Amino acid sequence: MRSPVVALTVLALVGGVSPAAGSTSSPVPSTSQAPQATPEAPVAPAANTSAPVDPSDSPVQSSEPAPSGSPAQSTEPTPSDSPTPTQTTTPLPPAGPYGIPMKQNIRADSWCRLLIPNKGGDAARADSIMDDNIADLGQYGYYRLSAKPDWKPQKTLDSSGNTHVNGLYWATPLLYTGARRGDVPMVERFYGLIGDWLSKHKKKKTRTWSVTQPIIAGERLWTLTCASDISNGARFVKATRKEANKQLKGFKLGGGTNNTAIHSQGSALAAFCYLGDAEKRDQAAANLNRLADYLVLPDGSDREGSPWYAYYTLRLLTKLAPVYARCGEPYDQIAAAIKRQEHFLAAAVDPNFYLVMKGDTHRARLSKKWFAPDSEVRWAATQGAEGQPPTNLYEVFEGGYVFGRNSWTDVDGHHPSFFSVRVSRPYVTAHVHSDLGSVTFDSYGSEFVGDPGPYRYDSSAIRDYMVSRSGHSVIRVVEKPKKKSTKKRKASSLGLASVSVAASGSSKVLATTSDPYNRTCLRDRTYVAAVIKRCVYYDTAVDALVVVDSIKAKKRIRADQRWQIPNGVKVNPKKRGATLVTPTARARVKFTGGGAVRKYRPNSKRPDGWFTNGYGELVKGTVLQRRALLKKGKKRTWVTVVAAGTDTPRVGVTDSVVSVSRAGTIGTFTLP
């Protein structure tokens, strides 16, 4: 029996499926007929119980030959006095369901091609549905269909996949492949699945959040618009209009609004453009313009707390361009938001040209196809091969980020140093983590302090760990009960005693200065039981990250200083620090202020040290930790220095002076 292989390649969205992944074509004027109101009886889908095939998501187009999109026309014989041979006519391609031309590609000017373009792997996905009743949802898993699906969640999908199945976009390979092959049952299966889903989601109780959330409704509206347009209005016009009206009615800006609203309003724009409703078309475009300025902050950073989602939002906004053009809507406001994002994304790459893994960002690089040839972000996307490098070495962004480095290009034959700080969490969204004060550090070509990334969107203990304080390089606080008390506090999902959490608004950025050295300070009021002040310094004189943590206990607490060391770094703990070794460099971690040093590696019982490589792909890192027990009113100050080199540097901290020695050259930095 063949087993399903779930593709774990990262799609253009981590939170959904892109409306035009891989599409670079520009729209052409539509020649489709206006939609006609006709009965919409669903077609019964075909049944099959065979084992699933291996799904393919290759970027290469299907190897099956595609017949010409314009069939040869018959020729009329001309009158003649002399006999002529009988001429034969080339038969037109047979018409399929709802008059869809068969044995040729879906027409280039269709809404299908604009909203959900055909792509490599479509034939395999279509065959998987027809032969094995398996719908491949890529990184999210697969859904097992029956002759009449119940559309309930399945264990073969993660939580995201069990919502995206209601988007129905995954069924479009049936339409593309069926039309090209002349496979009528395959095209009927496409319409049958949509009709079956609609027939089972008429009642209010079936319209749960997994069905109505903006990204899912947007995907479904793409699919309905496609199905209605390509059938010349024979199917689903009423359903298209109804869904589009719901998207307009439900639009608002506020807490929880994120990139998914682009799917919702973008699909509504396309639907009303297709339906010929100019007033509502204009309203959808106005909503998108407001949304772009809401999600993209004035300095280009993102509201969602994740560089990956900033990049994803840029791609979604860019893909709106042909829809705006086809609908005759001005695109200037969207283009301006994209331009702002480019500067932020250029700043958000490390010396190895990966996006900084803040929030729900996995290890990923920018693709040059989204950026202008001479731009600074094109330089970042091509790893310095094209465009011009940025000039700013230290930048603070409204989205809660600080990025600093000593150079944009190599220094003395090695990669430059880079650090990041989550200096604030101004917006709490689905993709931001509990990571206030967290730092990352790269030097000499290696990442020595990292962030864990998202893992996958589910309710697992590992996902809980990834988004928690425990998964980041921060101070973690646990309240300790009074000695006389025998009552146990309720434990958290991570096995820690529960703690009271302060309002995020009580935290504050204290300093962000770049001269004469980089200084980033914040007051962290994540916990009611403690006040934490963290200052992060970087000075080119020592080329080292210096972190000073001051903790004041307002109750009896246990304070843990945690450092997330990525996979590929060998960690050797010492009494007052550790040495870190990679194939390209060595680093020394120097601790002052006391606290026993321990290291932890992840296992089946303990999540400490897990990192995300790709969506749903775990790799083992290390947590380096030191701990202190503090009574109410007591204080503790910890100084941490991380310095890298070709060989392990010597690091000292004496009387507030940090010294770093490499190859006999000593640099010093005096703590303020």
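Coordinate-derived values only; no laboratory data. Remember, it's a predicted structure, so these values are computed and weren't measured experimentally. Quick reminder, even Gly has a Cβ in these numbers, built from the backbone with ideal geometry, and neighbours come from all protein chains shown.
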Mean Cα-pair separation over length for region 510-549, i.e. relative contact order, pairs under 8 Å, 6 or more apart, %: 31
Label-reachable residues, region 517-550, where backbone N falls under 16 Å from a point 7 Å from N392's Cα toward its Cβ: 518-520
Label-zone membership for region 153-167, site R144, 7 angstrom Cα→C-beta point, backbone N under 14 Å: 153-157
Rough spin-label spacing in nm, given labels placed 7 Å along Cα→Cβ, for K632 and R365: 5.6
Within straight-line cross-link reach of K119, lysines at Cα separation under 25 Å, skipping those fewer than 8 residues along the same chain: K103, K319, K368, K369
Length added when fully stretched, A278-K242, from 0.36 nm per residue minus Cα-Cα: 11.4 nm
Region 344-451: Cα Rg divided by the 2.2 N^0.38 Å rule of thumb: 1.04
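When the chain is fully extended, how far beyond the present Cα-Cα distance does T409 get from V581, taking 0.36 nm per residue of separation? Don't jump to the answer; show the numbers that get you there.
On the way: separation 172, 0.36 × 172 = 61.92 nm, distance 2.29 nm.
Between T409 and V581, full extension yields an extra 59.6 nm.
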FRET efficiency, 1/(1 + (r/R0)^6) with R0 51 Å, evaluated for T665 and S459 via beta carbons: 0.50
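Going down the table (K575/K599; K570/K590; K249/K280; K482/K552; K552/K605), which pairs top 20 Å between alpha carbons? All intermediate terms of the calculation are to be shown ahead of the outcome.
Details: K575/K599 12 Å; K570/K590 16 Å; K249/K280 11 Å; K482/K552 18 Å; K552/K605 32 Å.
Correct reply: K552/K605.
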Amide N proximity, region 567-586 versus N613 label position 7 Å along Cα-to-Cβ, cut-off under 12 Å: 567-568
